[in-house]
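The values are calculated or read from the model by the stated rules, or taken from the named source; none is laboratory data. The shown structure was predicted, so the numbers you read here are calculated from the model rather than taken from an experiment. So basically every Cβ, Gly included, is an ideal-geometry build from the backbone, and we count neighbours across all protein chains shown.
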Amino acid sequence: MRGTVRLEFGNRRVAEQVHTAISPDNRPLPSDLVIESKLMGDVIEITVSTAAGTPRLMATLEDLLSSVDLALRTISEVATESDSDQGS
């Protein structure tokens, strides 16, 4: 079973930061799970393959998307703090 998620950020730098943030989550993996991520400009494409069935595939995609969400919130918070520090 395989699923692919394509995330378009509209900003290459943000895509690079998110890709870097989620990449460590890809290792080590159980033997029945393969996760591949590709950074293409402002797009990240994540493909998950597993022989363990739909529940495992969906749980893995959910975990990865949660990691993406956390990375985006962290990037936003850091940018906001940086902007307020410059105004001081």
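Overview of results
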{"read-out": "Complete set of residues in segment 12-36 that are polar (S, T, N, Q), modelled with pLDDT under 95 and surrounded by 13 or more Cβ atoms within 10 Å (Cβ to Cβ)", "value": "Ser23, Asn26"}
{"read-out": "Qualifying positions in segment 1-53 - in contact with a strand residue (DSSP E or B) (Cβ under 6 Å, 6 or more places away or on another chain) and without any contact (Cβ under 8 Å) to a residue 24 or more places away in the chain", "value": "Asn26, Val34, Glu36, Ser37, Lys38"}
{"read-out": "Yes/no for Glu8 being surrounded by 11 or more Cβ atoms within 10 Å (Cβ to Cβ), of a type in the set (Asp, Glu), within 16 Å of the chain's Cα centre (by Cα) and at pLDDT below 95", "value": "no"}
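Residues are listed down the side, and each one gets a yes or a no for (1) of a type in the set (Val, Ile, Thr); (2) over 18 Å from Leu72 (Cβ atoms); (3) in contact with an Asp or Glu (Cβ under 7 Å, 6 or more places away or on another chain); (4) assigned to a strand (DSSP E or B):
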residue	(1), (2), (3), (4)
Gly10	no, no, yes, no
Ala15	no, no, yes, no
Val18	yes, no, no, no
Ala21	no, no, no, no
Pro28	no, yes, no, no
Ser31	no, yes, no, no
Leu39	no, no, yes, yes
Ile44	yes, no, no, yes
